Amino acid sequence: MHEWTLLDAAKAVRDKEISSRELTRALLSRIERINPKINAYVTVLPEAAMREAAARDEEIARGIVRGPLHGVPVAIKDIFCTKGIRTTCASRILKDFDPPYDATVVERIRSAGAVLLGKQNMDEFAMGSSTEMSCFGPVLNPWATDRIPGGSSGGTAAAVAAGTCFAGVGTDTGGSIRQPASLCGVVGMKPTYGRVSRYGMIAFASSLDQGGPIARTVPDAAAVLSVIAGYDRRDSTSVDVPVPDYVAATERGVKGMRVGLPREYFAEGVDDSVRTAVTKALTSLISLGAEAVEISLPHTGYALSTYYIIAPAEASSNLARYDGVRYGYRAAGAKGLIEMMSRTRAEGFGEEVKRRVMIGTYALSAGYYDAYYGKAQKVRTLLRRDFNEAFDHVDVILTPTAPTPAFRVGEKVDDPLTMYLSDIYTIPANLAGIPGISVPCGMSPDGLPIGAQLLGKHFDEESLLAAAAVIEREIPLPRVAPLEG
Ligand code: GLN
């Protein structure tokens with residue numbers, strides 16, 4: 001049952017072939033067996049999930065179907081506020097935080113009928129590319145437990161790949177949905193900035209953060225996106241444009257689609273196995289009628305440095321609210337306010353978070369603002385312009401999602417710069433605000449998943465889903481990791 005697609009599971013519940021309770025019970029027992037091996041969940045909600053499942057079954061019996069996820073067990077990254085359910089962002093500073101409200105994403109998946117199994121592990125405050133920076137300990141890759149799952153939504157990607165939920169919702173500020181999806185052999189989409197409400201999604205870098213689906217198939221990801229996308233007046237950057245039928249878009253095909261191949265993304269540093277797999281993805285698109293076009297995105301080389309000014313700058317400002325006064329952890333026994341605040345933050349934040357706060361504070365300091373932050377904003381405009389010009393000639397852009405398959409646990413924790421390089425192909429989309437998807441397209445010689453990334457025009461998630469679905473159909477791959485148990 002745990003290998004079913006989300007869409008099949010939803011249909012089975014609607015057709016009364018299986019009850020939501022049976023489905024939920026099966027996944028909860030799978031979590032119990034599998035999760036100790038991968039540490040993908042930080043909170044599991046067995047009683048609440050069974051209660052919700054029973055309520056969904058009762059509705060079915062009365063002919064009520066709430067929405068496309070009715071009765072289907074899913075889970076979310078522990079960055080989305082859940083009313084009365086601990087929301088930690090994998091940080092000591094929020095370890096006992098019970099939000100007084102649900103994030104819009106949570107409201108929407110609930111009103112679509114989904115059953116919430118639990119909250120998933122992540123890098124602290126979504127800063128990281130390996131899910132090793134969590135106060136709950138690292139997540140392990142279900143395909144090879146000596147490897148990391150990618151990050152920061154590594155708990156969600158690993159949980160989906162391990163068949164412990166039918167889909168999940170993650171967040172992506174510089175690649176945190178797409179990169180772990182690639183490394184765990186599942187589908188992950190970062191929608192256009194403004195597509196999915198950020199209300200109740202704990203902020204890292206507000207001009208880059210975007211929530212999106214992680215699932216085992218492209219149509220499943222499309223189904224979740226349809227539910228979570230759409231205007232929300234509680235997020236001032238939410239954009240009021242209609243939400244199309246994303247599931248239908250997965251059937252469109254790619255006849256006549258122009259696929260751009262950016263020269264800069266296929267340069268040095270790409271692992272051979274990744275190059276081979278992405279080439280196969282391209283071949284499959286061409287065999288179904290797409291046309292390859294070589295393009296250039298000339299400012300690509302500046303994306304990483306630009307991101308590592310803008311993201312920490314916004315983070316240092318967003319994280320100023322964790323001061324021990326209003327909520328979260330407070331250091332005990334301090335003499336006076338300043339000591340309380342500084343000890344709260346020293347004890348509550350992990351090393352990577354402190355590094356980002358220091359970089360951001362420095363970059364925003366008087367005297368450095370123009371040299372760093374101001375300049376980074378200008379380069380951001382150039383990067384966006386690169387994409388706009390490219391999209392005059394192509395419909396989508398194909399690249400690797402990550403330069404290598406999953407690396408070993410511990411391999412990069414002590415070397416932040418090498419860790420940052422994991423996101424070299426994903427970060428430009430966040431800076432430009434455009435949508436991106438990662439879809440599995442091969443396996444490395446040692447059996448590790450590899451993903452292809454497709455980037456699209458603002459609000460054209462449909463073309464990405466159409467192309468990704470073709471790659472998925474043309475390159476059949478196992479979707480549930482072969483963890484015993
Ligand atoms: N790995 C990148 C970082 O550490 C991106 C993280 C993300 O997308 N949340 O900032």
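The values are calculated or read from the model by the stated rules, or taken from the named source; none is laboratory data. From a predicted model like this one, the values you see are computed outputs, not experimental measurements. Cβ coordinates were reconstructed from backbone atoms using ideal geometry, including for glycine residues, and neighbour counts include every protein chain displayed. Calculation scope for accessible area: heavy atoms of the full protein, side chains included, ligands and nucleic acids excluded. Shrake-Rupley method; radii C 1.70, N 1.55, O 1.52, S 1.80 Å.
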Counting just the residues of the range 366-389 that are open to solvent by 60 Å² or more (accessible area, probe 1.4 Å) and among the acidic types (Asp, Glu), which one comes out nearest to the ligand (Cβ to nearest atom)?
ASP370
I need the full set of residues from the range 289-344 which are under 22 Å from the mean Cα position of the chain (by Cα) and of a type in the set (Phe, Trp, Tyr), in order please.
TYR307, TYR308
Being farther than 25 Å from MET122 by Cα, in a helix (DSSP H, G or I) and within 16 Å of the ligand (Cβ to nearest atom) narrows it down to one residue among ALA311, ALA303, ALA315, ALA363; which is it?
ALA363
Looking at GLU47, GLU52, GLU59, which is the one that is at pLDDT 95 or above and open to solvent by 70 Å² or more (accessible area, probe 1.4 Å)?
GLU47
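I'd like the full set of residues that are among the polar types (S, T, N, Q) and either surrounded by fewer than 20 Cβ atoms within 10 Å (Cβ to Cβ) or modelled with pLDDT under 95 (or both), limited to the range 337-363. Don't jump to the end; show me each part of the working.
Keep residues of the range 337-363 that are among the polar types (S, T, N, Q), which gives 342, 344, 361.
SER342, THR361, listed by residue number.
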Any residue in the range 411-420 that is within 16 Å of the ligand (Cβ to nearest atom) and part of a strand (DSSP E or B)?
no
I'd like the full set of residues that are touching a strand residue (DSSP E or B) at 6+ places or on another chain (Cβ under 7 Å), among the β-branched types (Val, Ile, Thr) and more than 13 Å from the ligand (Cβ to nearest atom), limited to the range 136-175.
VAL160, VAL169
Tell me whether the range 318-335 contains one or more residues that are open to solvent by 50 Å² or more (accessible area, probe 1.4 Å), under 24 Å from ASP98 (Cα atoms) and assigned to a helix (DSSP H, G or I).
yes
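Okay, residues lined up against (1) crowded, with 24+ Cβ neighbours inside 10 Å; (2) within 30 Å of ARG14 (Cβ to Cβ):
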site: SER91; (1), (2): yes, no
site: PRO99; (1), (2): no, no
site: ALA103; (1), (2): yes, yes
site: ARG110; (1), (2): no, yes
site: ALA114; (1), (2): yes, yes
site: THR131; (1), (2): yes, no
site: TRP143; (1), (2): yes, no
site: ALA157; (1), (2): yes, yes
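With respect to PRO213, determine if the residue is open to solvent by less than 10 Å² (accessible area, probe 1.4 Å), within 16 Å of the ligand (Cβ to nearest atom) and under 19 Å from PRO68 (Cα atoms). Walk me through how you get there before you give the answer.
On the way: open to solvent by less than 10 Å² (accessible area, probe 1.4 Å): yes; within 16 Å of the ligand (Cβ to nearest atom): yes; under 19 Å from PRO68 (Cα atoms): yes.
The answer is yes for PRO213.
Kindly indicate whether any position in the range 309-321 is of a type outside the set (D, E, K, R) and modelled with pLDDT under 95.
To start, the set of residues in the range 309-321 that are of a type outside the set (D, E, K, R) comprises 309-313, 315-320.
Narrowing the set further to residues that are modelled with pLDDT under 95 leaves none.
Within the range 309-321, none of the residues are of a type outside the set (D, E, K, R) and modelled with pLDDT under 95.
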Which of the following residues is in contact with a strand residue (DSSP E or B) (Cβ under 8 Å, 6 or more places away or on another chain), open to solvent by 10 Å² or more (accessible area, probe 1.4 Å) and not aromatic (Phe, Trp, Tyr): ARG178, ARG198?
ARG198
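Mind checking whether some residue in the range 239-253 is farther than 30 Å from HIS2 by Cα and surrounded by 18 or more Cβ atoms within 10 Å (Cβ to Cβ)?
Going through the range 239-253, the residues farther than 30 Å from HIS2 by Cα turn out to be 239-242.
Next cut, surrounded by 18 or more Cβ atoms within 10 Å (Cβ to Cβ) only: none.
Scanning the range 239-253, I find no residue that is farther than 30 Å from HIS2 by Cα and surrounded by 18 or more Cβ atoms within 10 Å (Cβ to Cβ), so the answer is no.
For the range 26-51, what are the residues that are in a helix (DSSP H, G or I) and touching a Pro at 6+ places or on another chain (Cβ under 9 Å)? Don't jump to the end; show me each part of the working.
Of the range 26-51, the ones in a helix (DSSP H, G or I) are 26-38, 46-51.
Result: ALA26, LEU27, LEU28, ILE31, GLU32, ILE34, LYS37, ILE38, ALA49.
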Given (1) assigned to a loop (DSSP other than H, G, I, E, B); (2) touching a residue at least 60 places away in the same chain (Cβ under 8 Å), number of the condition ALA75 does not satisfy:
(1)
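Please go through the range 1-25 and give me each residue that is without any contact (Cβ under 8 Å) to a residue 24 or more places away in the chain, assigned to a helix (DSSP H, G or I) and more than 24 Å from the chain's Cα centre (by Cα), ordered by number.
Filtering the range 1-25 down to residues without any contact (Cβ under 8 Å) to a residue 24 or more places away in the chain leaves 8, 11-12, 15, 17-18, 22.
Next, only the ones that are assigned to a helix (DSSP H, G or I) stay: 8, 11-12, 22.
Matches in the range 1-25: LYS11, ALA12, GLU22.
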Do we find that PRO400 is of a type outside the set (A, V, I, L, M, F, W, C) and at pLDDT 95 or above in this structure?
yes
